[in-house]
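No value in this document is a laboratory result; all are computed from the given coordinates. What you see is a predicted model; the values in this text were computed from it and never measured. As a convention, Cβ positions derive from the backbone with ideal geometry for all residues, glycine included, and neighbour counts pool all protein chains shown.
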Amino acid sequence: MILFTGEVFPVLYVAIFFELLWIDLIPAGTFIPPNAVFCLVATTALIFYFQLESIEQIFFQMLLTIPGAYILALFEGWHRVRQNKSYNIVLHQSRDKFESFQPEKMIFKSMAGSLGINFLAACVGLYLLTLIHPLINILPQPDQDILKWPHLLMIAGISAIAALRIKRAYTSLVLAMLIISLFLAWRLWLGPS
């Protein structure tokens with residue numbers, strides 16, 4: 001993303017935030033983690049499309065991209081179930097009709113399908129986020145930055161502790177993000193002017 005935008009710091013901070021946030025979600029077995037790449041690409045695209053400079057606005061955009069990561073994971077799960085049927089066909093071909101055995105077609109169809117589904121879903125998600133942004137932008141903006149990047153990175157760093165599988169760490173992460181969101185909402189929209 002840095003190569004496309006030419007900007008290092010907002011992109012790097014957003015990337016570090018999401019890397020720390022998702023560090024506990026290591027794909028193993030049948031678990032499909034949220035699509036963290038969508039969060040990074042969507043947030044970066046929104047930052048440069050709307051020319052966001054306020055960390056508070058960027059933070060709200062980052063929060064809005066998180067559900068998209070989970071939705072893309074659902075699409076990937078659906079795609080994997082669909083590919084199991086193709087695998088059974090190829091397995092049957094390899095046992096019974098070896099001359100018609102063509103796994104390269106299955107691989108190509110699987111890759112093209114995965115790319116198509118992810119690209120289409122990401123474009124729709126990004127479009128919806130561009131529709132939501134003006135609703136956030138209508139609300140009053142702070143005169144000065146309340147939040148700094150180190151604060152966000154510390155909050156996301158709690159996820160590294162959650163990798164130890166401590167239930168309190170999960171609670172702390174969710175609680176910290178909720179408190180920051182509520183504090184920002186209060187300062188931006190209800191707080192002293």
Study note, to complete from the structure: Mean Cβ-within-10 Å packing, highest first, puts peptides 117-130, 51-64 in the order 51-64, 117-130
Practice item. For segment 38-77, state what percent of all Cα-Cα pairs lands in each successive 5 Å bin, counting from 0 Å until the bin that includes the largest distance. Key: 6, 25, 29, 19, 10, 7, 3, 0
